[in-house]
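Data first, discussion second: the structure below is written as structure tokens.
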Amino acid sequence: MASRAPSLLGTWIIWIITSKGRYLTGRYIALAERNTFSLHARNNLLPRKNPFCYTPPAAPTETPVKDRARTPSARGMSVRHDWSAWLPDEKENFFLRNKQELESNYNMWSISLNEAISLHREGQFGKSLLAVGVSSELCRLLTEPLVALLRALSEHAKHYGTIPNAAPLDPENFRGQRGRHAARMSGLLNRVLFSHRFQFLHKVSTLGDMVEDLSKDFRESVQVLAGGSPGYSGNIWEEVDSNHFDLNTCLRETVVLFKSFMLVLPADQLPAFRKTVCDQSESHRAATLARQRLLRRRRMTAIAGQ
């Protein structure tokens, strides 16, 4: 048996069947190849002449089983495993649609802010203020649906008890003092709160608070830039850049958390969760419209008083 192992190692093929025909990633192929010899040594576990397969060959009258169609019933071993795991088509479509919306909003905001910072460094202060003024509204387009998603995750988890894996925040992934402090507290409480439920809910709450605070700080900094002297605004531009960095971290943490949540979400709870996300988004849109109307009334009152 030992003498046949080297030739089989070179000929065994790992098959994986998905709805899109994608193959297993090289990392998992390498992992499987390392474990092949130990599996082969226990010859009672695997057929000698058949390839090593995650999905067994189908009978002549059957269609191949699609692993992606299987609905996960429990948490994975870690957040890293969750991120590389596959989702059923309906849940994957919902996940990708929301992720792409957040990514698109972030890209618009980031490009506008980068242009403003570049103009400021080139000494074009007037144009830089115009560009950063636009980025203030684009920041709101990102943060409001981001907070809505985090609140939906929290509400659904509290009501249905759907709890995924959640890794503590890392202070090294933040630049601002607020973000670093929140991340340190998250790591500390993660050691104290042994329940997965409390760890998940605390992380969601922390990210939601951070996104709202960073968004508010960003808009206030933009207002200071708009009303201040260009020669004394260096520190404010650094704060704006720092807020951008930390909001990007919050976005990435939320997307990873969202993927882990979708992995453990039962299929029959998807409609309810989808409705919760829509309700939270509508609530934020209504609040935004109310603030805009209030600002218009104040401006009109100020103009009439003049």
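Just give me the residues in segment 106-149 being part of a helix (DSSP H, G or I) and on the phi > 0 side of the Ramachandran plot, in sequence order.
Residues of segment 106-149 that are part of a helix (DSSP H, G or I), as a first pass: 106-121, 125-149.
The answer is none; no residue qualifies.
Being surrounded by 18 or more Cβ atoms within 10 Å (Cβ to Cβ) and modelled with pLDDT of 90 or more is the requirement here; does GLY161 meet it? Reasoning before the result, please.
Numbers: surrounded by 18 or more Cβ atoms within 10 Å (Cβ to Cβ): no; modelled with pLDDT of 90 or more: yes.
Here the answer is no, as GLY161 does not meet what is asked.
Name the single residue, out of those in segment 192-224 being closer than 24 Å to LYS259 by Cβ, of a type in the set (D, E, K, R) and surrounded by fewer than 21 Cβ atoms within 10 Å (Cβ to Cβ), that is modelled with the lowest pLDDT. Let's see the steps before the verdict.
Applying the first criterion (closer than 24 Å to LYS259 by Cβ) to segment 192-224 yields 193-212, 214-215.
Now narrow it down to the ones that are of a type in the set (D, E, K, R): 197, 203, 209, 212.
Subsequent filtering for residues that are surrounded by fewer than 21 Cβ atoms within 10 Å (Cβ to Cβ) retains 197, 209, 212.
Numbers: ARG197: 89, ASP209: 95, GLU212: 95.
Within segment 192-224, the match that is modelled with the lowest pLDDT is ARG197.
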Checking VAL132 against (1) modelled with pLDDT of 85 or more; (2) closer than 24 Å to THR254 by Cβ: exactly one of these is not met. Which one? (2)
Counting only residues in segment 137-150 that are surrounded by 20 or more Cβ atoms within 10 Å (Cβ to Cβ) and over 14 Å from the mean Cα position of the chain (by Cα), the one nearest to SER78 (Cα to Cα) is identified as GLU144
Which residue pairs have Cβ atoms under 8 Å apart, sit 6 or more places apart or on different chains, and have a first residue in segment 90-108 that is more than 13 Å from ARG140 (Cα to Cα) and a second that is of a type in the set (Phe, Trp, Tyr)? GLU92/TRP86; PHE95/PHE258; ASN98/PHE258; LYS99/PHE258
Result of the Cβ filter at 9 Å on segment 114-125, keeping first residues that are surrounded by 14 or more Cβ atoms within 10 Å (Cβ to Cβ) and partners that are not in a helix (DSSP H, G or I), at least 6 apart or interchain, is HIS120/SER233; PHE125/SER233
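Answer with yes or no whether SER154 is touching a Gly at 6+ places or on another chain (Cβ under 7 Å), in a helix (DSSP H, G or I) and surrounded by 18 or more Cβ atoms within 10 Å (Cβ to Cβ).
When the stated conditions are applied, SER154 does not pass them.
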Tally, over segment 173-191, of residues that are at pLDDT 90 or above and within 19 Å of TRP83 (Cβ to Cβ): 1
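Would you mind finding the one in ASP268, ASP246 that is of a type in the set (Asp, Glu), modelled with pLDDT of 60 or more and in contact with a Phe, Trp or Tyr (Cβ under 8 Å, 6 or more places away or on another chain)? Show your work before the answer.
Values: ASP268 fails: in contact with a Phe, Trp or Tyr (Cβ under 8 Å, 6 or more places away or on another chain).
Result: ASP246 is the single residue among ASP268, ASP246 that is of a type in the set (Asp, Glu), modelled with pLDDT of 60 or more and in contact with a Phe, Trp or Tyr (Cβ under 8 Å, 6 or more places away or on another chain).
The values are calculated or read from the model by the stated rules, or taken from the named source; none is laboratory data. All of these numbers come straight from a predicted model, not from anything done at the bench. Counting neighbours? That spans all protein chains shown, and the Cβs are built from the backbone with ideal geometry, glycine included.
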